[in-house]
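The values are calculated or read from the model by the stated rules, or taken from the named source; none is laboratory data. What you see is a predicted model; the values in this text were computed from it and never measured. Because the Cβ atoms are built from the backbone with ideal geometry, glycine has one as well, and the counts that use them run over all protein chains shown. With ligands, DNA and RNA removed, areas are computed over all heavy atoms of the protein, side chains included. Shrake-Rupley method; radii C 1.70, N 1.55, O 1.52, S 1.80 Å.
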Amino acid sequence: MRNIKLIIEYEGTAYSGWQSQNDVIGIQEVIETAIKKTTGEKVKLIGSGRTDAGVHAKGQVANFYTKSSIPGSRMKIPLNINLPDDIKIIESEEVDLDFHSRFSARKKRYRYIIYNGKIPRPLYRNFSYHVTRDLDIDEMRKASKYFVGEKDFKSFMGRGAVVHTTVKKLYSIDIIEKDEFIEIVVEGKSFLKNMIRIIVGTLVFVGIGRIKSKDVEKIIEGRNRSLAGPTAPAHGLFLEKVYYD
């Protein structure tokens, strides 16, 4: 038995997220189908974590076990032949049998893109959150500092989530301006349902003056979803990289 690690890039627009839900297909299922066509085996693809419907990935990581003799470094070639244009394997390799895409992960980096222009940009409609109002980036940066560290993020968890704990650790949040685009880069060990999107929605509310930057600390301490800002759209979010030791 061999363990194959994949680095996956996908556009999440047409999918229910990483996992299939109801009658909508997920990215995991599409890749599992491609693996079966390639190796003849029905496998369970292990992802580093779930992404919501509409969320994209530049560096999602997954692994699966196989008896196939195809070299790990070449596995991406036949898989990509059997995958649609909006899902591709960027890298593949054979790893130790004890490697687990989720449990072996040390941290993850997400990037959220905001388009802060006045005129809608058709080419970016599926890849950024269009905010037309002027944003106070300095205030957003002040607010972002309150999120860094080990905190109880219950105020930033999507409704309906079932978890053992709402305490998570964020290593960093950086806000980068690139012309009319604002990128919010978040690194952490793991995240609650919709957590990054709610943080972004809250930062946007800070940027337009609906929430004061100093009040973010109170929102965190309040442990109440109704205190935070809205959930930013999924299509602005990218899983960029998963780190391993």
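Can you spot a residue in the range 113-121 that is over 21 Å from the mean Cα position of the chain (by Cα), of a type in the set (A, V, I, L, M) and either open to solvent by less than 80 Å² (accessible area, probe 1.4 Å) or closer than 14 Å to GLY236 by Cβ (or both)? No, the range 113-121 contains no residue that is over 21 Å from the mean Cα position of the chain (by Cα), of a type in the set (A, V, I, L, M) and either open to solvent by less than 80 Å² (accessible area, probe 1.4 Å) or closer than 14 Å to GLY236 by Cβ (or both). Restricting attention to the range 201-224, the residues that are of a type outside the set (S, T, N, Q) and either touching a Lys or Arg at 6+ places or on another chain (Cβ under 6 Å) or part of a loop (DSSP other than H, G, I, E, B) (or both) total 7.
Given the condition at pLDDT 95 or above, in a helix (DSSP H, G or I) and more than 21 Å from the chain's Cα centre (by Cα), answer yes or no: does some residue in the range 126-138 qualify? Within the range 126-138, one or more residues are at pLDDT 95 or above, in a helix (DSSP H, G or I) and more than 21 Å from the chain's Cα centre (by Cα). Determine, yes or no, whether ILE81 is under 30 Å from THR231 (Cβ atoms) and either open to solvent by 50 Å² or more (accessible area, probe 1.4 Å) or not β-branched (Val, Ile, Thr) (or both). So ILE81 does not fit the description; no.
When ILE77 is tested against (1) in a loop (DSSP other than H, G, I, E, B); (2) free of Cβ contacts under 8 Å to residues at least 24 places away in the same chain; (3) not charged (D, E, K, R), only condition (1) is not met.
Against the conditions (1) in contact with an Asp or Glu (Cβ under 7 Å, 6 or more places away or on another chain); (2) of a type in the set (S, T, N, Q); (3) buried (at least 18 other Cβ atoms within 10 Å of the Cβ), SER73 satisfies every one except (3). Restricting the range 216-241 to residues that are of a type outside the set (S, T, N, Q) and surrounded by fewer than 16 Cβ atoms within 10 Å (Cβ to Cβ), the residue that is nearest to the chain's Cα centre (by Cα) is PRO230. In the range 234-245, the residues that are over 13 Å from GLY188 (Cα atoms) form Cβ pairs under 7 Å with partners that are open to solvent by 10 Å² or more (accessible area, probe 1.4 Å) and among the basic types (Lys, Arg), at six or more places apart or across chains, as follows: ALA234/ARG197; LEU237/ARG197; PHE238/LYS58; PHE238/ARG111; ASP245/ARG106. Within the range 189-215, the residues that satisfy the criterion of being under 18 Å from the mean Cα position of the chain (by Cα) and among the aliphatic types (A, V, I, L, M) are LEU192, MET195, ILE196, ILE198, ILE199, VAL200, LEU203. The single condition among (1) in contact (Cβ under 8 Å) with a residue 24 or more places away in the chain; (2) surrounded by fewer than 15 Cβ atoms within 10 Å (Cβ to Cβ); (3) over 20 Å from the mean Cα position of the chain (by Cα) that GLY158 does not satisfy is (3).
Restricting attention to the range 10-65 and to residues that are among the basic types (Lys, Arg) and farther than 25 Å from ALA161 by Cα, the residue that is surrounded by the most Cβ atoms within 10 Å (Cβ to Cβ) turns out to be LYS58.
Among the residues of the range 194-215 satisfying the criterion of being among the basic types (Lys, Arg) and surrounded by fewer than 18 Cβ atoms within 10 Å (Cβ to Cβ), which is farthest from SER144 (Cα to Cα)? Step by step, filter the range 194-215, then rank; the result is ARG210. Among the residues making up the range 129-151, those that are open to solvent by 40 Å² or more (accessible area, probe 1.4 Å) and touching a helix residue (DSSP H, G or I) at 6+ places or on another chain (Cβ under 7 Å) are TYR129, ASP136, GLU139, LYS142, TYR146, LYS151.
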